[in-house]
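In what follows, a structure is listed as structure tokens, so that the remarks can point back to it.
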Amino acid sequence: MDRLHTMAIFLAVVDEGGFAPAARKLKISPPVVTRAVTELEGSMGVRLLTRTTRVVRVTDVGARYATDCRRILADVAETEAAAAGTHAAPRGRLVITAPVLFGQMYVTPVVIEYLRRYPEADVDCRFLDRVVNMMDEGIDTAIRIGDLPDSSFQAVRVGQVRQVVCASPGYLEARGIPLTPEDLTQHDVVSANALTPSPAWHFVREGRPLTVRVHPRMITTTNDAAIAAVLGGFGVTRVISYMVAHHLAAGRLKTILAAYETAPVPVHVIHREGRQATRKVRAFLDLAIETLRSDGALK
């Protein structure tokens, strides 16, 4: 049986939750479905499905294989459509991921513009403050902040960000401006666990690392809450520069201790399809790279 055909049958079993429902969906006999899955498992030497008399479950290996099958079949369909000249525009489902706040502030506008340009495309946005395994979770494109480990993924640098200490002008007028990192011990500190889970804040003095232990008077699990606190005139906080760029530009917040900041970290757009990226991925990459590189907050 043709391998692409068996992949399609396997996906139908996964999606429909059983051999009989898959057969009805595909309008083929149940024995054909069973034989196709058996051939796949036999050729690879692994079990893709766990079968009982009442239920069919996908194994961990089967789930990863199903993700790959979806991508392969989508690529084939898009390639054939492009060759036939029937679909010049991107189409299909694109899955992307980014850190939560960065996704809300910078990626969402890109996604909206992408969807407006390409009516046949859909986007699944997974904004998470954790490193997502792109292969295991079926991610097409990711935005990562920080140095990247060596990998087979393609990465395009689109900017950089810094860790900044900031406060409102009103607070600094009332309490004074910290001139050295050690001065923070005399100020009200707001700490966001998402960024600074320990009371140790790291700086650089004359090229050497400097660690200052602060005593947070307010600890929050979100950067949004920490920023809201300092906007309200309470204390100083440390966040990533993009999070407060518009507040700094508007004068609602001011950075302090800039001379002691650690080195900037890069922002990359990464994907896993190499030079032969599908049309839907390539179109999103082009739009995201152009948009993010032009944003002054990431320079």
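The values are calculated or read from the model by the stated rules, or taken from the named source; none is laboratory data. A quick note: this is a predicted structure, and the numbers were derived from the prediction, not measured. In this analysis, Cβ positions are derived from the backbone assuming ideal geometry, glycine residues included, and neighbour counts consider all displayed protein chains.
Values as computed for the structure displayed
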{"read-out": "Failed item, numbered, when Asp15 is tested on (1) touching a helix residue (DSSP H, G or I) at 6+ places or on another chain (Cβ under 8 Å); (2) more than 25 Å from Arg272 (Cα to Cα); (3) free of Cβ contacts under 8 Å to residues at least 24 places away in the same chain", "value": "(2)"}
{"read-out": "Test: residue in the range 189-200 that is out of contact with any helix residue (DSSP H, G or I) (no Cβ under 7 Å at 6 or more places or on another chain), within 15 Å of Ile256 (Cβ to Cβ), surrounded by 13 or more Cβ atoms within 10 Å (Cβ to Cβ) and not assigned by TED's automatic domain parsing to the domain that holds Glu290", "value": "yes"}
{"read-out": "Meets criteria (touching a Ser or Thr at 6+ places or on another chain (Cβ under 9 Å), under 19 Å from Ala77 (Cβ atoms) and of a type outside the set (Val, Ile, Thr)) for Gly138", "value": "yes"}
{"read-out": "Lone qualifier among Leu292, Leu248, Leu184 - being part of a helix (DSSP H, G or I), touching a residue at least 24 places away in the same chain (Cβ under 8 Å), more than 20 Å from the chain's Cα centre (by Cα) and buried (at least 21 other Cβ atoms within 10 Å of the Cβ)", "value": "Leu184"}
{"read-out": "Selection within the range 191-223 - in a loop (DSSP other than H, G, I, E, B), among the small types (Gly, Ala, Ser) and modelled with pLDDT under 90", "value": "Ala194, Ser198"}
{"read-out": "Verdict on Leu179 being hydrophobic (A, V, I, L, M, F, W, C), exposed (fewer than 12 other Cβ atoms within 10 Å of the Cβ) and part of a loop (DSSP other than H, G, I, E, B)", "value": "yes"}
{"read-out": "Residue in the range 45-63 that is in contact (Cβ under 8 Å) with a residue 60 or more places away in the chain, of a type outside the set (D, E, K, R) and either out of contact with any Asp or Glu (no Cβ under 9 Å at 6 or more places or on another chain) or in the same structural domain as Ala121 (by TED's automatic domain parsing) (or both) present", "value": "no"}
